[in-house]
Amino acid sequence: MAHAPQDPLTAALPMPMAKPRFEPGFLTPYAFIIPALLVMLGGLLYPVFMALYLSFYDWQIGLPLEDADFIGMTNFARMFTDPQVWEVLWVTLRFGFWTITIEMTLGVALALLLEKPIRGASVFRTIFILPLMVSPVVVGLIWRYLFDARIGWINYYLGAWFGIDPQVWLGDAQLAFFAIVLTDIWQWTPFIFIIVIAGLQALPSEVVEASTIDGANWWQQIFLVKLPMIKSILVIALLMRLIDVFRGMEVMLIMTGGGPGRSTELLSLHIYNRAFNTQQLGYASAISVLLIVIVFAISTAILTMANPMKNKSDV
Amino acid sequence: MKHLFKTGLAAASAMVLSTGLAFAGPYDKYAGTTIVVSWPALSHFKAAETLIEEFTAETGIEVEVDALQYLNLRDRQLLEMSKPRGDYDVVSWVVMWKGEYVSKGLLTPLSQFFTSGSLVDPNYDIDDIADAYLQNGGVVGGKKGYMPGKSGALYGIPFGAETSILAYRKDILEEQGIDVPGTYDELRAAMAKLKEAGIPAMTSRGATGHQVTAAWLFHLAPLGGKIFDDQWNPVVNSPEAVEAAEVLREIAKTGPVGIPAFGFGEAAASFLQGESAMYLDTLKIAAMVRDPAQSKVDGKVGYATHPVGSRCGSETGGFAMGIPANSQNKEAAFLFLQYMTNKAGDQRMVELGGDPVRMSTLAANADKFEDFPVVLEQLPCADADWRPLIPEWNELNIDVLGQALTEVITTDKPIQPIMDAANEKARAIMQREGYYVWRN
């Protein structure tokens, strides 16, 4: 049998081997992903599934989990008919509406004001982000004493400057709600500011210059050029604040303990009280599941309506 | 010869050892042991740290203290005591938690130590401890589950226990021509008169939850009210209970600004800083008045027994100490408990600025402190059953009464419907927890 003439250039090379059915190299990316996957499973999914599992039991701290009674959907049935849950959910939604609306407005406005290189801008920026660096427990303590009816600076200056009688800020339902909203705005407006200013500074200057040449005034540049171009950043900031509103509880726990009544009791604080004050861990878990569902639903809705990844032209 | 020598040596060693054991002190066996104590970060317990040092020097038993804000103790203690091997050897609880701890099997009955000849100090004299304190803080069982009785047992010794007395500003009452109130009618009249004179009358706790409920309970017992009748039916809407809520509303209206946000610290601070004329709460106020770091009113304060309504009935509360069931050093823990609460320890606590639990200590120091004779007079009518120390109490206390009473002091709504609604909620909780399953 005659052999085909061999190309002299390839004659020296080893014969190509048949392609193996399994190439070990293809597992490499998975090997790199596995640790992260395990951390995700352990740190994220396990607690979620555990909360779901516990929500079917009647369990109190101090008793072994094995001794907990399986009660099926009882906790969920109780939750849906429990007026306290709906009351604190309403408080949470009102709190979220006021804080996020004002924080987004103020944060964006401040970012637009300090976007240009003006004298002292870096000092202002540093001052504005200071509240972000303070732990929530310290924030709660600071504002609790500022609002204190006896020794608080707020009552003192309202009296000294405007002759206003001392107010029981944290002992009146409306005033206490106002106080926690104000505290949240103080702490979290800088978060919006820092994200938005980063977005504004990353905008291509040609686009802004082009709009100037086309005759756009300052307002038009903001509303028709800049804000639409950082829409994806605004959506992410909104989403993160929204999730925080549903998660946060430390400041309210320190400032008001959720009172007077339930006027400042957010859903997460209510879960904490259920779990640790009244020892109803199963019921608290059921409300936690509700919290997860609400946050998931709102997040999905926002991302569906304004998906930052959808428009590639966004910054 | 060699065998004889060995035998002689062994016999001599045994004799020396047995003699040594026979004469060993009660603490020798436990010297070098370290016990961990969980208790609140409050002034009485801070003062006790010096006594702990003396305990260690005398016994060789080391003590580590884990001090926490008192309302946060329960979570930590429950978690520790529910582990197979806990870190705590001694826990100090607010008396209202004892029922829950015992029902979950987390505490060791103290009878096993009090029956041990090698552990119990023959001069301990437990009968000298104020009855109301011992029953309220340490005994679990009886007909109600939290009081003495044939099924009761001792789980804790009071330490940092208290009853309520009235503290008042002598200078202000004298200036306004007001006699020290001895009854609730006189108290209400005094508050109204002080309000008219523009002086904040009486400070009080009032923050939502435990604090406002505690404030109301101070008035409930002397006005003849109860939380439950004998069949566990809630009666927080009874005329007496409504009257107690009316008194609380009057206190909030005539007292210093901010009562609806006051916890224990804020209420006391208002009196100590000279912003209120009266204080009706724990006897601990007296030690605070004497402390120049906290008080601007030392020398101006007088003390009187808790005003009487339809009956005499001051609170019993504060703390008791016991030994977790999962402690690894129970005997050393008992020796600690005994040392801190024996007659010498109780006297030492007084010298260190703490509060005694023994009648003999109160009597021995009655001429040194203005409040001690008042406490001695008050204790016989201190009501160990002024609140139900059942496991469900925490939920009733915080979730039901703590909400309803906030509405009482922060609004002008009629009180009866508020308390009626609270009563229904309380009944639902008791129903849920199975208190009525034995009824037909």
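The values are calculated or read from the model by the stated rules, or taken from the named source; none is laboratory data. Keep in mind that what you see is a predicted model, and the values were worked out from it rather than measured. No Cβ is skipped: glycine too gets one built from the backbone with ideal geometry, and neighbour counts run over all protein chains shown.
Annotations for the structure displayed:
- Residue match in region B:237-250 (condition: within 14 Å of another protein chain (Cβ to nearest Cβ) and modelled with pLDDT of 95 or more): yes
- The listed residues are B:ALA363, B:ALA421, B:ALA404, B:ALA344, and the only one of them that is away from chain A (no Cβ under 12 Å), more than 30 Å from B:VAL65 (Cα to Cα) and not in a loop (DSSP other than H, G, I, E, B) turns out to be B:ALA363.
- Annotation for region A:249-272: no member residue is assigned to a helix (DSSP H, G or I), among the basic types (Lys, Arg) and surrounded by 21 or more Cβ atoms within 10 Å (Cβ to Cβ).
- Against the list (1) more than 25 Å from A:GLY259 (Cα to Cα); (2) more than 14 Å from chain B (Cβ to nearest Cβ); (3) among the small types (Gly, Ala, Ser), the condition A:ALA77 fails is (2).
- Count of residues meeting criterion [within 21 Å of the chain's Cα centre (by Cα) and either of a type in the set (Gly, Ala, Ser) or within 18 Å of B:PRO414 (Cβ to Cβ) (or both)] in region B:213-261: 5
- Here B:LYS98, B:LYS83 are screened, and the one residue that is under 21 Å from A:GLN60 (Cβ atoms) and loosely packed, with under 15 Cβ neighbours inside 10 Å is B:LYS83.
- Scanning region B:183-208 for residues that are in contact with a strand residue (DSSP E or B) (Cβ under 9 Å, 6 or more places away or on another chain), assigned to a loop (DSSP other than H, G, I, E, B) and among the small types (Gly, Ala, Ser) yields a total of 2.
- Residue check, B:THR56 among the polar types (S, T, N, Q) and at pLDDT 95 or above: yes
- Total residues in region A:266-297 satisfying the condition of being within 13 Å of chain B (Cβ to nearest Cβ) and within 18 Å of the chain's Cα centre (by Cα): the figure is 1.
A quick yes/no check of all residues on (1) under 20 Å from A:ALA111 (Cα atoms); (2) within 14 Å of another protein chain (Cβ to nearest Cβ); (3) out of contact with any helix residue (DSSP H, G or I) (no Cβ under 8 Å at 6 or more places or on another chain):
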{"residue": "A:ASP148", "(1), (2), (3)": "no, yes, no"}
{"residue": "A:GLY159", "(1), (2), (3)": "no, yes, yes"}
{"residue": "A:ILE164", "(1), (2), (3)": "no, yes, no"}
{"residue": "A:TRP188", "(1), (2), (3)": "yes, no, no"}
{"residue": "A:ALA210", "(1), (2), (3)": "no, no, yes"}
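- Any hit, region A:223-234, residues being in a helix (DSSP H, G or I) and either within 23 Å of A:LEU93 (Cα to Cα) or in contact with a Gly (Cβ under 6 Å, 6 or more places away or on another chain) (or both): yes
- Region B:253-290: number of residues that are surrounded by fewer than 24 Cβ atoms within 10 Å (Cβ to Cβ), facing another protein chain (nearest Cβ under 9 Å) and under 19 Å from B:GLU196 (Cα atoms): 2
- For region B:120-154, residues that are in contact (Cβ under 8 Å) with a residue 12 or more places away in the chain and part of a loop (DSSP other than H, G, I, E, B) total 10.
- Considering region B:75-119, and only residues there that are small (Gly, Ala, Ser) and in a loop (DSSP other than H, G, I, E, B), the residue that is farthest from the other protein chains (Cβ to nearest Cβ) turns out to be B:GLY117.
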